[in-house]
Structure formats: structure tokens, C-alpha cells
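Reading through the C-alpha cells given below for one structure.
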Amino acid sequence: MEPALGLGRSSTGWTFFTIIRSPLLAAALVLVACATPSTTLVNQDLQTVRCSATSRGHSGTPSVLANRDRCVREFLSTGYVELPDVVLGIKPSFAGAAPSVQEVITGSPADKAGMKPGDVIQSMDGRPVQSFKDFVEALKSKRAGDVLPIVARRGGAALEFAPVLERR
């Protein structure tokens, strides 16, 4: 009599299951780790910090969420803000009265729209930009695929840009 192809311990099916169960277990653990809630914050100097669950316990449990929330509160109180979900693709400088473009990332929405280092940002989405917080708030109000109207000065000329934001 031929052995059945079920999952009995002496079957071919059981052997196959035994071979793949370790990689499946490892993949499941990676997925659980990736599902751990985290929040990324950034400050005016573009330094980032990630607050995530650091205590023992399962993702989503009150103690884990409390640790992340406490971390977020502490950094928010020191001038950090939550990192927006969209990318403009510039490195701004907030040294003067208005933010200026220090660097433009090649291939970014800002680059495609024609922004250049040295441009001084006057407004974003129709609102004046005078601080790091104004800059981040303009980005946080948008989603990937949205156009973010920007008015900037280059030399003495006022220029308008319409970059299409991308997902972080």
C-alpha cells in the first residue's frame, strides 16, 4: 500500500511541512516586529528620532503604547515635530528671517518643479512660512500625489513652484 500524502509524521507532506516551518516562523516574527507602532520625529536641525515600543509585551498592549506615547511627548516638548508622510526633497535652512533651500535632492518633487539651492521660501500652500513648524505643518496637511504650491524668491524675482509630493 502506498503512503498517503497527508500530514502524518511519516508522510511526504509532513517532511515538506517540517522543512518550511522554520522560515515561516521567522517570517511571521519579522511581520510582528514590523507591526510594532512607532513615530518618527524631526527637529529644526533635521535630526530625527524614532519612538517605538521598548518594553516587553505584545504590540498594542497599553504598557507598550504608553512607552511610545511618553517618548513622543518628551520630544515634542523639546521642539521636535512628527515627520510628515510626504517628501518635498529639500534640506531647508532656518537661519534667516525666512527659510531658504540649502540643498535639493536630485529627482525629488522639488527638483522636478525647478527649485534650487538659495531659493527663499515665502509661502507654502498659500500660508506664510516663517518657522520650521510652519514648514512642517504645510507638509503634514498633504498626501502623496498632492500638489504643494510654493512661492519663493530667487535673486529679486518671486517664483511659483508646484511640486507633486511623494510618499516617504
message: Which residue is modelled with the lowest pLDDT, if the candidates are limited to segment 57-91 and must be small (Gly, Ala, Ser) and on the phi < 0 side of the Ramachandran plot?
response: Ser59
- request: Would you check which residues across segment 69-96 are under 11 Å from Val42 (Cα atoms), in contact with a strand residue (DSSP E or B) (Cβ under 8 Å, 6 or more places away or on another chain) and of a type outside the set (Val, Ile, Thr) and list them?
  value: Phe75, Leu76, Tyr80, Glu82, Leu83
message: Looking only at segment 147-163, how many residues end up being surrounded by 13 or more Cβ atoms within 10 Å (Cβ to Cβ) and not aromatic (Phe, Trp, Tyr)?
response: 10
- prompt: Looking at (1) under 22 Å from Val42 (Cα atoms); (2) crowded, with 16+ Cβ neighbours inside 10 Å, can you tell me which one Pro117 breaks?
  reply: (2)
- request: Determine whether Val72 is touching a residue at least 24 places away in the same chain (Cβ under 8 Å), assigned by TED's automatic domain parsing to the domain that holds Ser52 and touching a Ser or Thr at 6+ places or on another chain (Cβ under 9 Å).
  value: yes
field: Any chance Ala144 is assigned to a strand (DSSP E or B), out of contact with any Ser or Thr (no Cβ under 7 Å at 6 or more places or on another chain) and over 21 Å from Gln47 (Cα atoms)
entry: no
Selection status of Val101, surrounded by 15 or more Cβ atoms within 10 Å (Cβ to Cβ), in contact with a His (Cβ under 8 Å, 6 or more places away or on another chain) and either part of a loop (DSSP other than H, G, I, E, B) or modelled with pLDDT of 50 or more (or both): no
task: Inspect all residues belonging to segment 130-138 and state whether any of them is part of a helix (DSSP H, G or I), in contact with a strand residue (DSSP E or B) (Cβ under 8 Å, 6 or more places away or on another chain), touching a residue at least 60 places away in the same chain (Cβ under 8 Å) and more than 10 Å from Leu88 (Cα to Cα).
output: yes
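The values are calculated or read from the model by the stated rules, or taken from the named source; none is laboratory data. Just so we're clear, the structure is a prediction, and the values are computed from it rather than from any experiment. Cβ atoms come from the backbone with ideal geometry, glycine included; neighbour counts cover every protein chain shown.
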